[in-house]
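As structure tokens, the structure follows; a few thoughts come after it.
The values are calculated or read from the model by the stated rules, or taken from the named source; none is laboratory data. No experiment lies behind these values; they were computed from the predicted model shown. We place every Cβ from the backbone using ideal geometry, glycine too, and count neighbours over all the protein chains shown.
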Amino acid sequence: MTIRIHLFFFFLLLIALAGCGSAPVPTPAPAPAPAPTTQSAALPAPPDSAIPTPPDTADEELLTGPGEGTPDVYVARAALAKADLAAFLKTTTTQLERLNPNLPDPIPADTLLTVPLDYITGEGETLDAVAARTGLAAAILRLANPTVGSQAILPAATRLLMPRLFVVYQPTPLAEIAALLTTTPETLLAFNPEWAGVETIPADGVLVVPFK
């Protein structure tokens, strides 16, 4: 009897141990892999509205034809009578006033002037008369205006083309000026015979720019 009781309790103990077995330890779920990151390129900073964008500019080009391009300008370096400044710029007071209205006489220093690149004739003028009034050689005016006869009386308001001028601000060798104007000293002297024999053009010298 005693043996049966012991066996009974032994089987109960086995059943209890089987039911109370250690529970499985849950394995932690793997951590989600971090999402792949892409390094974005640095974006340029927005433009500062206070800083203006410089405009696109074309390279400057030397114009060698008479009357081409925008008008030339000249700043008077000293006070001069209107007639003297017109003679210096190889034009007349009438032509100077046409492009520079209300011009005082004398003209104050540092006055910005538009230099005429053409000449509007008056009544009864000829090409030779215009050459005499402007101080330009008649041959240069004929070259600039090949369809106009030198002796013919021109109708009033005829537009004649005038050559461009080069004003020397400091003594400069003639050869350097010729190189700057992309020409030769011989061609430069052909358009400016008054400077023949002069190697260095003095300050305030004026030369006619050769044209084709």
Subset of the range 130-147, residues farther than 20 Å from Phe88 by Cβ and not in a loop (DSSP other than H, G, I, E, B), comes to Ala139, Arg142, Leu143
Per the filter on the range 112-132, residues in contact with an Asp or Glu (Cβ under 8 Å, 6 or more places away or on another chain) and surrounded by 17 or more Cβ atoms within 10 Å (Cβ to Cβ) are Val115, Leu117
Against the condition in a loop (DSSP other than H, G, I, E, B) and either under 19 Å from Lys90 (Cβ atoms) or touching a strand residue (DSSP E or B) at 6+ places or on another chain (Cβ under 8 Å) (or both), how does Tyr169 come out, does it pass? yes
In the range 136-151, is there at least one residue being within 22 Å of Lys82 (Cα to Cα) and outside the structural domain of Ala76 (by TED's automatic domain parsing)? no
Restricting attention to the range 189-212, which residues are over 24 Å from Thr114 (Cα atoms), surrounded by 12 or more Cβ atoms within 10 Å (Cβ to Cβ) and hydrophobic (A, V, I, L, M, F, W, C)? Leu189, Ala190, Trp195, Val198
If Asp110 passes every condition in (1) acidic (Asp, Glu); (2) assigned to a loop (DSSP other than H, G, I, E, B); (3) under 23 Å from Pro210 (Cα atoms) but one, which one does it miss? (3)
When Pro171 is run through (1) touching a residue at least 12 places away in the same chain (Cβ under 8 Å); (2) surrounded by fewer than 16 Cβ atoms within 10 Å (Cβ to Cβ); (3) out of contact with any Ser or Thr (no Cβ under 6 Å at 6 or more places or on another chain), the failure sits at (3)
Only one of (1) touching a residue at least 24 places away in the same chain (Cβ under 8 Å); (2) more than 18 Å from Asp204 (Cα to Cα) does not apply to Ala129, and that is (1)
Do the conditions hold for Ala203, that is, is it assigned by TED's automatic domain parsing to the domain that holds Val75 and either closer than 22 Å to Ala144 by Cβ or part of a loop (DSSP other than H, G, I, E, B) (or both)? no
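Residue under question is Leu127, and the condition is that it be closer than 14 Å to Asp72 by Cα, aliphatic (A, V, I, L, M) and modelled with pLDDT under 95; does it hold? If you could, list the steps in order and put the result at the bottom.
On the way: closer than 14 Å to Asp72 by Cα: no; aliphatic (A, V, I, L, M): yes; modelled with pLDDT under 95: yes.
In short, no.
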